[in-house]
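Below is one structure; the comments refer to it alone.
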Amino acid sequence: MEITGKIIAVLEPRKGTSSRTGSEWICGQYVLETMDQYPRKLFFEVFGADRLQQFNIQLGEIMTVSFDIDAREYQGRWYNGVRAFRVDRNVQAAPMATAAPVAPDTTPFGGAPVPTQAPAAPAAPAVETTPFAPQAEGEDLPF
């Protein structure tokens, strides 16, 4: 999966030692915000010192991040993990301005364009007036 946005947070990397191999590991943590009309945030990780150095992600950069999503279970609870495997910085910043509405194409098939006109106001419905008839004794309904 891919998502494009701006890096809004560079968090402290997690470090540790593998219990199986005894080797050191490091995992960088970042937050990316999309540049859509309704921005969304994505927390993701970059695992490995070599990838951290290769990607060299900086605060404020606009980029496309390719990532994998994986879930794992720990003590009866499930957790999602989002790990980046590729970063593309060749992304142009999209303008945040809203576009003007575009009129629909009014050209009939094989013909000349038809000028658009504002729709006429609907005619007022005819209201029928009837005189009020007196009610018989004991009736409280108007019909």
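Taken together, the values in this text are just the output of simple stated rules run on the coordinates, not laboratory data. The model shown is predicted, which means the values in this text are computed figures rather than measured ones. Reconstructed Cβ throughout: ideal geometry from the backbone, glycine too, with neighbour counts over all protein chains shown.
Quick one: Ala71 ticks every box in (1) touching a residue at least 40 places away in the same chain (Cβ under 8 Å); (2) among the aliphatic types (A, V, I, L, M); (3) part of a strand (DSSP E or B); (4) over 16 Å from Thr4 (Cβ atoms) bar one, so which box is it?
Failed condition: (1).
In this structure, does Glu45 turn out to be among the acidic types (Asp, Glu), within 15 Å of Asp88 (Cα to Cα) and free of Cβ contacts under 8 Å to residues at least 60 places away in the same chain? Spell out the reasoning first.
Details: among the acidic types (Asp, Glu): yes; within 15 Å of Asp88 (Cα to Cα): no; free of Cβ contacts under 8 Å to residues at least 60 places away in the same chain: yes.
Judged against the criteria, Glu45 is not a match.
Considering only region 49-68, how many residues are surrounded by 15 or more Cβ atoms within 10 Å (Cβ to Cβ) and assigned to a strand (DSSP E or B)?
Total satisfying the criteria: 5.
Go through region 5-48 and count every residue that is farther than 18 Å from Asp68 by Cα and either part of a helix (DSSP H, G or I) or of a type in the set (Ser, Thr, Tyr) (or both).
Count: 6.
When both residues are 6+ apart or on different chains and their Cβ atoms are under 6 Å apart, which pairs have a first residue that lies in region 1-27 and is closer than 19 Å to Lys41 by Cα, and a second that is surrounded by 12 or more Cβ atoms within 10 Å (Cβ to Cβ) and hydroxyl-bearing (Ser, Thr, Tyr)?
Every condition considered, the pairs that remain are Glu2/Thr64; Glu2/Ser66; Thr4/Thr64; Gly5/Thr34; Ile7/Tyr30; Val10/Tyr30.
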